[in-house]
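Worksheet for the structure shown next.
The values are calculated or read from the model by the stated rules, or taken from the named source; none is laboratory data. These numbers come from a predicted model, not from an experiment. Heads up, the Cβs are rebuilt from the backbone with ideal geometry, glycines too, and the neighbour counts pull from every protein chain shown. Surface accessibility is based on the protein's heavy atoms, side chains included, excluding ligands, DNA and RNA. Shrake-Rupley method; radii C 1.70, N 1.55, O 1.52, S 1.80 Å.
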Amino acid sequence: MTLRYALIGAGMMGQEHIRNVALLEGVEMAAIADPDEGMRAAALALAGPTCQAFADAREMLAATRPDAILIASPNHLHAPTLAEILPAYDVPILCEKPLAISPEDCRQVLTAAEGRQAPVWVAMEYRYMPPIARLIEEVRVGTAGRLHMLSIREHRFPFLPKVGDWNRFNAQTGGTMVEKCCHFFDLMRLILRAEPMRIYASAGQNVNHLEERYDGQTPDILDNAFVTVDFEGGARAMLDLCMFAEGSTWQEVVSATGDRARIDAMIPGPGRFAAPGQERTARIAISDRATRTERIEEVEVDPTVLAAGDHHGATFYQHQKFREIVARGGVPEVGLADGLASVVMGAAAEQSARTGRAIAMTDGWEVGCPRS
């Protein structure tokens, strides 16, 4: 039996989903919906002749009745789209991050999902980058001992052009700390297995998009930040974000430090943005305190999987796991509660950056959900 997926939102990320779904056995992209004619045409060329294209998602879902729905529309459309389809289509849904652009919108989504049987998976792809997955595995088996510090650095290129450049404004993205950094706040909770108590962010918009104008408005998204998070149990985490560092060899470096060892996962940026345009191999390093030695290993990823997207294979490995619950049922590894938690942390970091004050995760900022 072939599982039939329908995609809402056929832009850059939607097309990455199409390429990765094409690598799965027993799955086809049966239909796509996007109001932009150019995006529909590009996505249809990737999906193949058996895929149907629609300008309207309601029309698509009514006509095709798919086995699963993928949502990759602009951030501000996630909540209204989910509010409409959650009660009407009890099939598995994979929704791109962030779940919504505000904690309030996320909580409304959770309310709309009450009573559903089919799962909703929030697409936190970074969990599935092979070097980060390996770091998580090493932490789980105790290689680092008890964790006390976690640092995540992402030094990369600016936000890419999107249809209408919707990603230039906080009102449509939730802000950089939500749009981009929800991935990292999700990783912090996952790796530390704890909930945040306090968040402080120092951030700015210093380089990117300053000369751009849209209907007379200047983009207001942050392009660099330091964020520190105190967690229950005493562990602390730090995020170092810079979105004008295209020359970096390692786009992401995740370091988990415990009382036994430090574990580093080092991930290069997409090959298409690198000179001379070739994919590079990720690494993991384990620095042991007892022996005072460092062991470095390369983490290989199938070149076909790397070529299917910009997330170092993560989208494909996520889709493998999502396919299993579509076919056999089960609980998503990244659920609605995780989507809410990452947005709450991102919104708190945005608030901290703009007020200069640390945000205590109480008095309306509670994560308020269990960990996966």
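Could you please state, rounded to a whole Å, how far the C-alpha centre of segment 334-357 is from the C-alpha centre of segment 276-296?
After rounding, the separation between the Cα centres reads 31 Å.
Relative to the longest principal axis of the chain, what angle (0 to 90°, nearest 10) does the C-alpha long axis of helix 314-328 take?
60 degrees
Less than 16 Å from a label point 7 Å out along the Cα-to-Cβ axis of Thr293: which backbone N atoms in segment 263-287 qualify, by residue?
Residues 285-287 fall inside that zone.
Using a/c under 1.5 as the rounded threshold, could you call the chain rounded, prolate or oblate? The axes a ≥ b ≥ c are square roots of the C-alpha gyration tensor eigenvalues, and prolate needs a/b larger than b/c, oblate otherwise. Numbers along the way, then the final one.
Numbers: a/c = 1.42, a/b = 1.31, b/c = 1.08.
In terms of gyration-tensor shape, rounded.
Using Cα centres only, tell me the gap between segment 16-81 and segment 301-329 in whole Å.
Using only Cα atoms to place each centre, the spacing works out to 17 Å.
Give the Rg (one decimal place) followed by the Dmax (whole number) of segment 1-124, computed from C-alpha coordinates and expressed in Å.
That works out to 13.6, 40 Å for Rg and Dmax.
Highest first, please rank the peptides 288-295, 93-100, 201-208 by the mean number of other Cβ atoms sitting within 10 Å of their residues. Can you show the working numbers first?
Details: 288-295: 10.6, 93-100: 27.5, 201-208: 16.5.
Answer by packing, highest mean first, reads 93-100, 201-208, 288-295.
Treating only the Cβ atoms of Lys and Arg (+1) and Asp and Glu (-1) as charged, compute the dipole magnitude of segment 155-271 about its Cα centre; round to the nearest 20 debye. Let's see the in-between values first.
On the way: 11 positive and 16 negative charges, 62 e Å.
Computed charge dipole of segment 155-271: roughly 300 debye.
Could you tell me what percent of the DSSP beta bridges with both partners in the chain are antiparallel, to the nearest 5? Don't skip to the end; give the middle numbers.
Working: 45 of 72 bridges.
Of all bridge pairs located within the chain, approximately 60 percent are antiparallel.
Please state the relative contact order of the chain as a whole percent: Cα pairs under 8 Å, 6+ residues apart?
Values: 812 pairs, mean separation 73.7, N = 372.
It rounds to 20 percent for the chain.
Taking a ≥ b ≥ c as the square roots of the eigenvalues of the Cα gyration tensor of segment 106-202, is the shape rounded (a/c under 1.5), prolate (a/b larger than b/c) or oblate? Walk me through the numbers on the way to the answer.
Working: a/c = 1.80, a/b = 1.27, b/c = 1.42.
It comes out oblate by the Cα gyration axes.
Run the numbers on segment 111-245 and let me know its relative contact order in percent, using alpha-carbon pairs under 8 Å that are six or more apart. Working shown, then result.
Values: 180 pairs, mean separation 40.8, N = 135.
With pairs under 8 Å counted, the relative contact order is 30 percent.
Decide, for segment 214-372, between rounded, prolate and oblate: order the square roots of the alpha carbon gyration tensor eigenvalues as a ≥ b ≥ c, take rounded if a/c falls under 1.5, and otherwise choose prolate if a/b is larger than b/c, else oblate. Mind showing how you got there, number by number?
Working: a/c = 1.25, a/b = 1.20, b/c = 1.04.
Verdict is rounded for segment 214-372.
Under a Cβ-only charge scheme (Lys and Arg +1, Asp and Glu -1), can you give me the dipole magnitude of the chain about the Cα centre, in debye to the nearest 20? Show your work: numbers first, answer last.
Numbers: 36 positive and 49 negative charges, 177 e Å.
The dipole magnitude comes to about 840 debye.
Just to be sure I understand the model, the point goes 7 Å from the Cα along the line to the Cβ. What's the resulting Ala55 to Met238 distance in nm?
Each label point is offset 7 Å from its Cα along the Cβ direction, giving 5.2 nm.
Note down the magnitude of the dipole of segment 266-352 about its Cα centre, charges +1 on Lys and Arg C-beta and -1 on Asp and Glu C-beta and zero elsewhere, to the nearest 20 debye.
On the way: 9 positive and 12 negative charges, 15 e Å.
Magnitude of the dipole: close to 80 debye.
Run the reach check for Lys321 against lysines, Cα to Cα strictly under 24 Å, same-chain hits fewer than 8 apart removed. What comes back?
Lys97, Lys180
What relative contact order, as a whole-number percentage, does segment 242-372 give when Cα pairs under 8 Å and 6 or more residues apart are counted?
Numbers: 143 pairs, mean separation 17.9, N = 131.
Computed over segment 242-372, the figure is 14 percent.
Which cross-chain or sequence-distant (5 or more) residues have an amide H under 5 Å from the amide H of Val299, H modelled 1.01 Å from N in plane?
Long-range HN contacts for Val299: Ala282, Arg283, Ile284.
Counting only DSSP beta bridges with both residues in segment 1-124, what percent are antiparallel, rounded to the nearest 5?
Details: 0 of 20 bridges.
Percent antiparallel among DSSP bridges in segment 1-124 is about 0.
So the label point goes 7 Å from the Cα of Arg357 along Cα→C-beta, right? Which residues of segment 79-111 then have their backbone N under 19 Å from it?
The answer is 103.
Could you look at the chain and say what percent of its accessible area is carbon and sulfur, using a 1.4 Å probe and all protein chains? Show your work: numbers first, answer last.
Working: 7800 of 15710 Å².
Within the chain, the accessible surface is 50 percent carbon and sulfur.
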